[in-house]
Amino acid sequence: MDHVLITQGRVIGALILRETRTTFGAAQLGYLWAILNPALGIAVLTAIFTAIGRPTPFGSSLALFFATGILTYELYKKLSGSLMLSLEANRALMLYPLVHGTDVLIARALLVVATYVLVMLLFYSGLIIMGLAGLPANTEQMLKAIIATTLLGVGMGTTNAVIYSVFKTWKQIEEIFSRPLFFMSGIFYIPERFPPEIVAVLSWNPVLRLVEWMREGYYPNYNSSVLSKPFVLSVAVALLLIGFAGERLYRKKRSG
């Protein structure tokens with residue numbers, strides 16, 4: 001059993017190195033851009049909202065408010081989107097007996113999570129150094145929010161990957177359905193300030209609840225009535241079960 005785990009660990013490690021080169025290229029600038037890209041997006045949004053005189057919905061820093069929303073959303077979106085293409089992109093590798101679809105999915109997921117955790121550390125540290133944010137109130141809750149976001153993103157991404165493997169049009173369909181998420185995930189606003197009817201609709205979006213979870217962790221006095229951790233975790237676990245069960249069925253069908 002230990003030998004099998006060690007072997008699969010080495011396979012996943014090799015896949016992570018391959019994913020790094022494929023995703024970011026051989027030059028260090030590729031990885032640097034992956035780190036700077038979400039940070040630049042937050043900076044642009046902050047500049048626009050500051051220029052039009054829009055006050056921050058909570059706290060004293062627009063940049064911090066946007067960061068807690070955008071970085072959480074981007075982690076989920078990157079996982080769900082990049083994992084969708086991972087099985088097809090590595091179809092040739094999976095012809096080797098030691099390489100399974102789950103290895104490919106886990107390797108890509110670990111690379112995405114490591115990148116975004118680094119982005120969060122650098123961006124939040126930069127805001128603190130510049131005096132635009134205080135220290136996080138509850139880093140444990142922030143870590144739990146990141147883990148929950150990872151579970152949901154991997155679950156959605158794995159499910160997407162299985163569907164895409166048998167139905168190529170799914171990529172375009174998924175993009176249509178996921179596009180409104182950016183505006184429905186509480187990035188620019190506090191959801192409970194809307195009328196109850198709108199809040200009831202928005203609450204079905206687990207990504208919005210993840211953003212609220214992250215903000216409860218960072219801000220010392222942010223109390224969300226929308227956040228339901230059991231709901232988020234239930235959706236994440238359901239998607240993980242569907243995704244990995246589907247991948248196993250697809251693997252049997254491919255090898256059969």
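The values are calculated or read from the model by the stated rules, or taken from the named source; none is laboratory data. These numbers come from a predicted model, not from an experiment. When we count neighbours, we look across all protein chains shown, and the Cβ atoms used for this are built from the backbone with ideal geometry, even at glycine. For accessibility, only protein heavy atoms count, side chains too; no ligands or nucleic acids. Shrake-Rupley method; radii C 1.70, N 1.55, O 1.52, S 1.80 Å.
Take residue 159 and tell me if it is touching a residue at least 40 places away in the same chain (Cβ under 8 Å) and either crowded, with 20+ Cβ neighbours inside 10 Å or under 30 Å from residue 95 (Cα atoms) (or both). Considered against the rule, which asks whether it is touching a residue at least 40 places away in the same chain (Cβ under 8 Å) and either crowded, with 20+ Cβ neighbours inside 10 Å or under 30 Å from residue 95 (Cα atoms) (or both), residue 159 comes out as yes.
With the requirement that a residue be over 15 Å from residue 150 (Cα atoms) and in contact with a Gly (Cβ under 6 Å, 6 or more places away or on another chain), what does segment 70-93 give you? Break it down into steps so the answer makes sense when it comes.
Filtering segment 70-93 for residues over 15 Å from residue 150 (Cα atoms) gives 85-93.
Answer for segment 70-93, where residues must be over 15 Å from residue 150 (Cα atoms) and in contact with a Gly (Cβ under 6 Å, 6 or more places away or on another chain): just 87.
Look through 58, 65 and report the one residue that is surrounded by fewer than 18 Cβ atoms within 10 Å (Cβ to Cβ), among the aromatic types (Phe, Trp, Tyr) and under 18 Å from residue 124 (Cβ atoms). Of 58, 65, the one residue that is surrounded by fewer than 18 Cβ atoms within 10 Å (Cβ to Cβ), among the aromatic types (Phe, Trp, Tyr) and under 18 Å from residue 124 (Cβ atoms) is 58.
Checking 42, 35, 48 one by one, the residue that is at pLDDT below 90, in a helix (DSSP H, G or I) and over 29 Å from residue 172 (Cα atoms) is 48 and no other. Applying a threshold of 6 Å to beta carbon distances and a minimum spacing of six or more residues, or different chains, the list of pairs starting in segment 43-60 at a residue that is more than 22 Å from residue 219 (Cβ to Cβ) and ending at one that is open to solvent by less than 50 Å² (accessible area, probe 1.4 Å) and in a helix (DSSP H, G or I) is empty. Take the residues of segment 101-142 that are among the hydrophobic types (A, V, I, L, M, F, W, C), in a helix (DSSP H, G or I) and out of contact with any helix residue (DSSP H, G or I) (no Cβ under 8 Å at 6 or more places or on another chain): which is most open to solvent (accessible area, probe 1.4 Å)? Among those residues, the one meeting the criterion is 129. Within segment 190-205, residues that are within 15 Å of residue 180 (Cα to Cα) have Cβ atoms under 8 Å from residues that are basic (Lys, Arg) and open to solvent by less than 80 Å² (accessible area, probe 1.4 Å) in these pairs: 203/209, counting only partners at least 6 apart in sequence or on another chain.
From the list 72, 20, 50, the one residue that fits, being more than 30 Å from residue 166 (Cβ to Cβ), in contact with a Leu (Cβ under 7 Å, 6 or more places away or on another chain) and either small (Gly, Ala, Ser) or open to solvent by 20 Å² or more (accessible area, probe 1.4 Å) (or both), is 50. Looking across segment 85-100 at every residue that is of a type outside the set (A, V, I, L, M) and open to solvent by less than 20 Å² (accessible area, probe 1.4 Å), the one that is nearest to residue 7 (Cα to Cα) is identified as 90.
Looking only at residues of segment 172-196 that are among the charged types (D, E, K, R) and under 12 Å from residue 81 (Cα atoms), we find that the one that is least open to solvent (accessible area, probe 1.4 Å) is 174. Look through segment 209-256, keep the residues that are among the basic types (Lys, Arg) and surrounded by 15 or more Cβ atoms within 10 Å (Cβ to Cβ), and return whichever of them is modelled with the lowest pLDDT. Out of the qualifying residues, it is 251.
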